[in-house]
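Engineer: Just passing along the structure, written as C-alpha cells.
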Amino acid sequence: MQNYQPYHIHHIDLEQLGPLPLPASNSFVVLWSGPIPMGHIWIDKTNLPGSESKYREMIETAVQPAKAFYEQHPDPIRQDVADLKLSVIICTSNRTNSLERCIHALLNNSDRDFELIVIDNAPEDSLTRTLIQKLKYIKYIPELRKGLDIARNTGVRAANHPLIAFTDDDVTVSRDWIRNVKTAFAEPSVMAVTGIVFPRSLQTIAQYTFERYWGFNKGYLPRVFDRDYFNRNLPIGVQVSEIGAGANMAFRKEVFDWVGGFDERLDAGAAGCSGDAELWYRILANGWKCKYVPSIYVFHAHRESRAALSRQLRLYMRGQTASLLVTYEKFKQKGNLVRLKKLIPEYYFRRFGNRFIKRKESRGNLYAEFRGFISGWFYYHFRRKDPGYSLPFFMPYQLHKPIVVKPDDLVSVIIPCYNSPAYLEQAIQSAIGQSYQFVEVIVVDDGSTEDIESVCSRFGEQVKYIRIARSGISIARNTGVCYCRGAFLIFLDADDYLYPDAVSQHLGWFRKYPDAVFISGGHDRVDSSGNFLPTEKQEEKKVDHYGSLLRGNYIAMEATVMYRRSVFPAFHFDPVLKGCEDYDLNLRICRYFEVYGHTGKIAAYRIHLTNMSNDRKFMLASALAVLTRQRPVLLSDAELLAWKEGIRNWRRYYRLYRNGTWPV
C-alpha cells in the first residue's frame, strides 16, 4: 500500500447520537449501543460519506444485523454472578510497560472480586517482579521454561477459582470485562468463552494490515460453537480460529481435566501460535460448547513494524499447521488433513496467482505466511511425541480421604439415551422408584431421531431432560455429570434398569468401605421380553482391583457402579474410545484409588439385537485398545503378567461368544 495514511479510530454511541461530524480522512468507526458493540465501518477516500445523511445510512447498514439480533435476544444482564469466582491470568515476557497498563485496567474494573495472577515467562531481568511487588493483591509466579502455553498451564495450576480468564500484557480490558466474563458461563455446558479484540491504534501500515485481514474481531453477533457446528465442519476440518483469540478468552477450570491443558508444542516459544485454538478444538471434540460474546471486549496493541508483522504471520501459519497435525494425531479426524493438504494449498495457489498473474495482492506478507505453513510440517515432525497415557491435570488427591455418607446425600442417576423409547420408561421408573428417597434422574438425549422428550415429560419435574447433538455415549455421560447435583453418581443405560434397593445397597457399602472411590455390584441378564438369562457369577473384590481389571472386566455392567461425584472430571469417559469406555475409566481410577466390589444384585442388563456387544470383532478391538493404553504405566512384573493374561483372556472370551450367548 503506497503512501499509507493512518486510520483514526472513532467510537460512536448510538444511544447518544447527536450531530455527526463527517470523517475527512481514513477512519475506523466502531458503533455502540451503550456497552454493547454493534458494528464498525472502514472509511477511506473511496467511500467518504460526503453528507450526514449518507453517513447515517452507512451506520444503519453496519449495525442492522446486530440490531435485529438484540431485538429478538435482549442482552442478558444477570444479577446472580456474585458467587462466581474468577482467576485472571496474564502471561508476560519482558514487557513491563505494557503490563502495567494491562494491570491498571483490570484493577479498575467495575467488578473487583477476582484473583490476579502474573506469570513471568523466561524473565531476562527483575523488572516485572519489581513492578508486581509495588502492587497489592497480585500473585507473581516466575516460569523459567520459555513458552506461552507452558506459562498458561502454570497459571491454570496456580489458579484458585472455578473460572479462569486469560489476557495478554499488550491488552487493555474494558471496564465491565470481569462481570461480563462471569455472566457468559451461566450455562453449565459452556466451557470456554471469547470476545472481540479491538485495535488500540492503526497508525502504521502493519497495524492496518493485521486488523483488516487478520484481526481478532469475529463479528458483532453472539455465537455458540457446539457439537452441531463441530459435526458440520468435520469433513473439511473444524476451523476453530473462528471462535476468538487468546488475548481475550476464559474457561471453566474443570475443562482442563475434561480435555487436558494447553499443548506445550504450540504457541509462542514453540510452534508460534494456535495453542488456544487447539484447546478449543478438544473442547468441541469432547462435546462441550465454546461461546463468543461481543460484549466481552478488549483493546490490543498490534505490531507496529512490517518486520514484526511478517514474523508474527509466519509464526501464525507455522502454529496453525502444527496445530492441525496435533489434532489429527489426537483424534484421527481426516478433515484436518483435508484442510492441510488441499484447502490451505489451494488458498495459497490463488494468492500466488493474484500476485504474479493479476499483479494484485493487497494483504502483503505472502512469502512469510507460506514459509510458516511449510515450516509447520517440519516443526511438528521434528518435535512429535506420543501423547500416550497422561495423568489428570488436577489429580484429586482428596479422594484418598474416607467419605462420610450423610442420610440425605443426593444420588444422581444419569441415563444416556439414543432412541430406544420402548425401554427408556422402565429405566426411568426404576431410578425414580428407589427405596432411597434422595435421587435425581437426568436423561441425556444423544441426538435421538425418535421422540425421547415426550417419554421424559410423563414424569414431570422428576426427570431433568437434556438434549445434545449426536455425540456418542461417552459425551452423553460426561454431559450428565456436568448438569448433576448429586454427591454420588450412577450411569444407567436406557435399555437397562435398576433394582429398587440399588442405591441403598451401594450407600451401605460406602459406609462400610469409606476409602472406596467407587463401589460395584452384580447384575442379572434379561432378554428383550424381560426373561432372565444365565449370568456370570459375581465375586467379591476387596484387593488387587487394578490387577483384576487388567485380567478382564469383572464389573461387566456399568450401571452396577456408584461413583463419588468428586471423581469427575479428573477421571471421565473418553470420547476418543468408541467402545469399552467404562472399562477404560474404571481401570484408570483404580490405578490410583481404592475401590470395592460386592456380590449384591444392582441392575438388569438387557440383551437384544441392537446391543453393541453383539459385534465381537469391534468389542475385542475396543478391549485390547483399552489395555494397550495401560501398557506405559505398568510398574511391576506382576502387573505386566496380569496385563498379558488380560490380552489372552479377551481374545479367548470373544472366540467363545456365539449367537448372542456369553460363556458362563
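Laboratory data are not the source of any read-out in this text; all were calculated from the coordinates shown. Because the structure is a prediction, the values reported are computed rather than measured. We place every Cβ from the backbone using ideal geometry, glycine too, and count neighbours over all the protein chains shown.
Engineer: For the chain, give me the percentage of DSSP beta bridges that are antiparallel, rounded to the nearest 5 percent.
Structural biologist: Among the beta bridges of the chain, antiparallel pairing accounts for roughly 35 percent.
Engineer: So which of Lys332/Lys578; Lys289/Lys334; Lys406/Lys512; Lys85/Lys139; Lys218/Lys289 end up more than 20 Å apart by C-alpha?
Structural biologist: Lys289/Lys334
Engineer: Excluding residues fewer than 8 places away in the same chain, name every one of the aspartates and glutamates whose C-alpha is closer than 13 Å to that of Lys134.
Structural biologist: Correct list for Lys134: Glu100.
Engineer: After finding the eigenvalues of the alpha carbon gyration tensor for the chain, what semi-axes result from the square roots of 5 times each, listed largest first in whole Å?
Structural biologist: Equivalent-ellipsoid dimensions as semi-axes: 50, 27, 25 Å.
Engineer: Hey, what did the chain get for relative contact order, percent, Cα under 8 Å, at least 6 apart?
Structural biologist: Dividing the mean separation by the residue count of the chain yields 10 percent.
Engineer: Here is a follow-up. Against the longest principal axis of the chain, how steep is helix 275-285, in degrees 0 to 90 to the nearest 10, with axes from Cα atoms?
Structural biologist: Its long axis makes an angle of about 40 degrees.
Engineer: Grab the other residues whose beta carbon is less than 14 angstrom from that of Tyr546, score K and R as +1, D and E as -1, and report the net.
Structural biologist: It works out to a net charge of +2.
Engineer: Any chance you could check the Cα centroid distance between region 264-282 and region 603-622 for me, in angstrom?
Structural biologist: 39 Å
Engineer: Looking at region 86-304, I'd like the Rg to Rh ratio, where Rg is from alpha-carbon atoms and Rh is Kirkwood's inverse mean 1/r.
Structural biologist: With Rg and the Kirkwood Rh in hand, the quotient comes to 0.94.
Engineer: In Å, what Kirkwood hydrodynamic radius results for region 453-521 from the alpha-carbon pair distances? Each step should come with its number before you reach the end.
Structural biologist: Details: mean 1/r = 0.0698 Å⁻¹.
When all Cα pairs of region 453-521 are included, the Kirkwood radius is 14.3 Å.
Engineer: If the viscosity is 1.567 mPa s and the temperature 4 °C, what Stokes-Einstein diffusion coefficient in µm²/s follows for region 8-72 when Rh is the Kirkwood radius over Cα pairs?
Structural biologist: Numbers: Rh = 12.1 Å.
Rounded to a whole number, D works out at 107 µm²/s.
Engineer: To make sure I understand the rule: partners must be lysines, Cα under 20 Å from the Cα of Lys54, and not fewer than 8 residues away in the same chain. Which ones qualify?
Structural biologist: Lys45, Lys67
Engineer: Taking the C-alpha atoms of region 397-608, how large are the radius of gyration and the largest Cα-Cα span, Dmax, in Å?
Structural biologist: Taking only Cα atoms of region 397-608, I get Rg and Dmax of 16.0, 45 Å.
Engineer: Also, quick follow-up: Tell me the mean residue ellipticity at 222 nm calculated for the chain from its helices only (DSSP H runs of n ≥ 4, each -39500 (n - 2.57), averaged over every residue, nearest 500).
Structural biologist: Only helices count here, giving -11000 deg cm²/dmol.
Engineer: Straight-line reach from Lys541: which aspartates and glutamates have Cα under 20 Å away, leaving out those fewer than 8 places along the same chain?
Structural biologist: Result set, ordered by chain and number: Asp515, Asp524, Glu558, Asp582, Asp584, Glu594, Glu639, Glu645.
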